[in-house]
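The values are calculated or read from the model by the stated rules, or taken from the named source; none is laboratory data. Note that this is a predicted model, so its numbers are computed, not measured. Cβ placement follows ideal geometry from the backbone for every residue including glycine, while neighbour counts extend to all protein chains displayed. Note: accessible area is taken over every heavy atom of the protein model, side chains too, but ligands, DNA and RNA are not part of it. Shrake-Rupley method; radii C 1.70, N 1.55, O 1.52, S 1.80 Å.
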Amino acid sequence: MLFSRYLGILLLISQAQSLVIVDSSIASACIYYMKQFDWGCGGTGQGHKYYLCRCGNVDWLGSVASCISGQTNNKGKIDHALKHVTTRCLQKGHFHYTVDDMKQWRENATKYIEQPTAHDIKERLYHPLGVNQTDFAVYMRSFDEINHHVFKSQWLGWGLLYYWVAVVVIFAMLHLLQIYLGLRPPRRIAQFCEKYLTPVRLWGYSFLDIVVMGLFLVFTVLATALSYTVQLPNVYMNDVYFLTLDLIGYRSAIISFSLLPVVFIFGLRNNPFTFLTGLPRATFIKYHNYVAIIMSIEALIHSAVWTDYAINEAGYLAWSIDDYWRWGIVGTVLLFIMIGQSFQPVRNFMYEAFLVIHIVFGWLFIVAMWYHCVTLGWMGWVYTMIALTVYDRVMRWAKILVLNRGLTELYVTVVDERTLELTLPKPLAYDMSYRPGSSVYVTFLHSKIWSQCLQSHPFSIISSPATSSNVLKMYVRVKRGATRSLLRLPADEKGRLRLWCLLDGPYGGFTYKHRDSDDRVYIAGGLGVCSLLPHVYSNPAGAKLIWTVANAREFWCMRRDINYVRERGTEVTVYVRDPSGIELDDEKMLFVQPADRRPDFDELIGEHVKAAKADKKRDLCIYSCGPGNMDRQIKQIATRQIEVGLDFSVHHKSMNYQW
Ligand SMILES: Cc1cc2nc3c(=O)[nH]c(=O)nc-3n(C[C@H](O)[C@H](O)[C@H](O)COP(=O)(O)OP(=O)(O)OC[C@H]3O[C@@H](n4cnc5c(N)ncnc54)[C@H](O)[C@@H]3O)c2cc1C
Ligand SMILES: *[C@@H]1O[C@H](CO)[C@@H](O)[C@H](O)[C@H]1NC(C)=O
Ligand SMILES: *[C@@H]1O[C@H](CO)[C@@H](O)[C@H](O)[C@H]1NC(C)=O
């Protein structure tokens, strides 16, 4: 709660400050008005050369200061505008002035001031100038308009941010109603949605994703493209093309910044919304990718527009020596490298390298944005990014050190070439913080694999009542990286290995409330059973578990867990592809069946539907966890079984939460 308050405050600050010319329209109008006269600087440009000359000229300083004071009675606005002039003199001319210096020059100038004439534009001036209000009006209007545009852009940016707030709030409300009040949507509507909408898939996105992401795209395009009315003449830029470019540059930058908190918070390991909405982290990572791409496109538009403008209008070199310009380029480049290496094929090819680059570049991006904005304003967004990053790290270490008591001893048993069993003592806070289906990120510490001590890999936790109430277990499929090196570590003669580890968790894990009228079928493929078993444990009576495994050893290492749930009323069927080593004739082993390929899920599910109907059940809930194609196949079969209008429904939920 405290955290979200801080977040709110940080987000608010970000509105208070502003970009160079929009920082103070009065100051900008006065600077632009005064620069048309000849102060002996050899031109009317806005580059370093001219500021170096003008800021050293008391006549110019006095004129600008008295111009500013003549435009308003608001003391705060005047001081802010004077401050703006000193900042520009510091950045562009390296003069260290204070607001009081400005006020002194203003005082002194009143003694010498003269009204401007047409001569002053052509001839060198040696006295301070006043303001011809008739001529000045267009200057004020020009900058007020640009200010108004930026103000509007900020609100559009906030609107897009609040879109995601609304999405999260709606999901959270639906979830909490379901959890605490046990509410379910009306049967017919649910049946219709599950039968006709869940099968809809576009590039792997579900119907709901398409709606949420599609609406966001529409809103972003509208917010970026609409409402660029400009009035000429405009003294800042009197060319419709460049003025519009300029405004697009502001708009896209502000929208891109407003989306940064969304990108950051959805990508965090400790994303608070997974808990509130019951959606898995994988879903938020999907949204994280999507918003990040749109945010980067906005940033690219911003960069492209300003580059085009700078090359054509102001001379690229004059701009490119500014630090904020360079850091802006660094930031945009970082974004596109990060996105480029996040696409699934690249990511899967080198997952660990992807993670390291993603994290380090994420930090570098914050640094780049810091230097990009430190002179321009909008630092609130940068502080927000820092706050979110720090929050995630603090949460991780709190979980590692407090919930899981820091260094933990871990025993690794090699089940076979493809499978490892990890055993560890139960953390103190287990009952309080873990839920069925929780997973933890494990960092393995061993001298022989020291180079991997910065990695952490997620695994599902099984608290196995069958083995011992003091230990937790994880079953690990050997892949190419850290899991492979674990397999290669030297073990003792019993095939066991002891090493230290850090546990960051728990994450995920949900308790599903079931009614007596629900029938539950759990379908697991291989080690996917690790995600399903904890749910079966928590309510074994009447559950049905179907498990397909490759060989007897894999089944054997979990036989006690299987027996445990069988004794408590779960109907278990195990399909083993290579059953050598199991005595299938044994009476106790009747539930184990040899299968040369995957069982026919169509037939199996059909039977369960019939059985559930015969049992007078009203809902059949099918949970599956296995390889992606198996989950998809089961989803298809389950949706085919739904009949809209019947007083009996079939639901499917995949518990494979990998991304
Ligand atoms: C919530 C969750 C629960 C999981 N539970 C289990 C389980 O109980 N048993 C099991 O065997 N596996 C589980 N996994 C998968 C497991 O995390 C990966 O297989 C493991 O990290 C691979 O390590 P590696 O270095 O050998 O992989 P590599 O061969 O380097 O990579 C193989 C693939 O594993 C995934 N992966 C690798 N590192 C990470 C990481 N740090 N974070 C997320 N994904 C990663 C990537 O998709 C990658 O493409 C789970 C994954 C998630 C997300
Ligand atoms: C006061 O103003 C005049 C005219 O601008 C200038 O010549 C003089 O140096 C100023 N004095 C101070 C103390 O700034
Ligand atoms: C202001 O400038 C206009 C021309 O742009 C001129 O007609 C007018 O007389 C000026 N006013 C004063 C007070 O100098």
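So the values come out like this:
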{"quantity": "Theoretical FRET efficiency, 1/(1+(r/R0)^6), r = Cβ-Cβ of residue 231 and residue 322, R0 22 Å, to 0.05", "calculated": "0.15"}
{"quantity": "Portion, in percent, of the accessible area of the range 213-282 that falls on carbon or sulfur, probe 1.4 Å", "calculated": "75"}
{"quantity": "Directionally averaged projected area (convex hull, Cα atoms, the range 489-581), nm²", "calculated": "8.2"}
{"quantity": "Cβ-placed point charges (K, R +1; D, E -1), dipole of the range 526-590 about Cα centre in debye, nearest 20", "calculated": "240"}
{"quantity": "At least 30 Å along the helix axis (C-alpha) and Kyte average at least 0.0, DSSP helices within the chain", "calculated": "133-181, 240-267, 281-309, 351-373"}
{"quantity": "Calculated FRET efficiency for the pair residue 111/residue 138, C-beta based, R₀ 25 Å, to 0.05", "calculated": "0.30"}
{"quantity": "The chain, relative contact order in percent, only Cα pairs under 8 angstrom and at least six apart counted", "calculated": "11"}
{"quantity": "Dmax and Rg, reported as Rg then Dmax, of the range 174-247 (C-alpha, Å)", "calculated": "22.7, 64"}
{"quantity": "Apportionment of accessible area to carbon and sulfur, the range 408-525, percent (1.4 Å)", "calculated": "53"}
{"quantity": "Contour excess over end-to-end distance, with Cα ends at residue 329 and residue 411 and 0.36 nm allotted per residue", "calculated": "24.6 nm"}
{"quantity": "Disulfide-incompatible cysteines by the Cβ rule (no partner under 4.7 Å) in the chain", "calculated": "193, 373, 453, 501, 530, 557, 621, 625"}
{"quantity": "In the range 594-659, trypsin sites (Lys or Arg not before Pro) in a DSSP loop with at most 12 other beta-carbon atoms within 10 Å", "calculated": "597, 616"}
{"quantity": "At most 13 other Cβ within 10 Å, DSSP loop - trypsin sites (Lys or Arg not before Pro), the range 53-118", "calculated": "111"}
{"quantity": "Label-to-label distance, nm, for residues given as residue 580 and residue 192 (7 Å Cα→Cβ offset)", "calculated": "5.7"}
{"quantity": "Reach of residue 613 by Cα under 26 Å, taken over lysines that are not fewer than 8 positions away in the same chain", "calculated": "195, 513, 544, 635, 653"}
{"quantity": "Per residue Cα convex hull volume in Å³ - calculated over the range 354-441", "calculated": "147"}
{"quantity": "The chain: equivalent-ellipsoid semi-axes (sqrt of 5 x gyration tensor eigenvalues, Cα, Å)", "calculated": "65, 27, 20"}
{"quantity": "Centroid-to-centroid separation of the range 448-491 and the range 575-641 [C-alpha atoms, Å]", "calculated": "28"}
{"quantity": "Stokes-Einstein D for the range 473-631, Kirkwood Rh over Cα pairs, 10 °C, 1.306 mPa s (µm²/s)", "calculated": "91"}
{"quantity": "Approximate spin-label separation residue 352-residue 643, in nm, with each point projected 7 Å along Cα-to-Cβ", "calculated": "5.5"}
{"quantity": "Value at 222 nm in deg cm²/dmol, rounded to 500, when DSSP H runs of n ≥ 4 in the chain each add -39,500 (n - 2.57)", "calculated": "-17500 deg cm²/dmol"}
{"quantity": "Of 297, 237, 63, farthest towards positive along the dipole that unit charges on Lys, Arg, Asp, Glu beta carbons give the chain", "calculated": "297"}
{"quantity": "Cα-projected label distance for residue 477 with residue 48, points at 7 Å along beta-carbon direction, nm", "calculated": "5.8"}
{"quantity": "For the range 424-467: rounded, prolate or oblate by the Cα gyration tensor [a/c cutoff 1.5]", "calculated": "prolate"}
{"quantity": "Size of charge dipole - the range 575-659 - debye, nearest 20, with Cβ of Lys, Arg +1 and Asp, Glu -1, no other charges", "calculated": "520"}
{"quantity": "FRET E, pair residue 363, residue 597, Förster distance 56 Å, beta-carbon r, rounded to 0.05", "calculated": "0.70"}
{"quantity": "Probe 1.4 Å, accessible area per residue of the chain, Å²", "calculated": "49"}
{"quantity": "The range 555-637, accessible surface, carbon-and-sulfur percent (1.4 angstrom probe)", "calculated": "43"}
{"quantity": "Charged-residue dipole, Cβ positions (Lys, Arg, Asp, Glu), the range 391-525 about Cα centre, Debye nearest 20", "calculated": "340"}
{"quantity": "Contour minus Cα-Cα distance for residue 371 and residue 571 (0.36 nm per residue)", "calculated": "65.8 nm"}
{"quantity": "DSSP beta bridges in the chain [antiparallel fraction, %, rounded to 5]", "calculated": "50"}
{"quantity": "Square roots of 5 times each gyration tensor eigenvalue, C-alpha, the range 209-328, largest first, Å", "calculated": "35, 17, 9"}
{"quantity": "With eigenvalues of the C-alpha gyration tensor scaled by 5 and rooted, the range 346-493, Å", "calculated": "35, 21, 12"}
{"quantity": "Extension gain, residue 426 back to residue 166 (0.36 nm per residue minus Cα-Cα distance, nm)", "calculated": "89.7 nm"}
{"quantity": "Cα-based convex hull volume of the range 552-659 per residue, rounded to whole Å³", "calculated": "135"}
{"quantity": "For residue 581, net neighbour charge (Lys/Arg +1, Asp/Glu -1) across residues whose Cβ lies under 14 Å away", "calculated": "-3"}
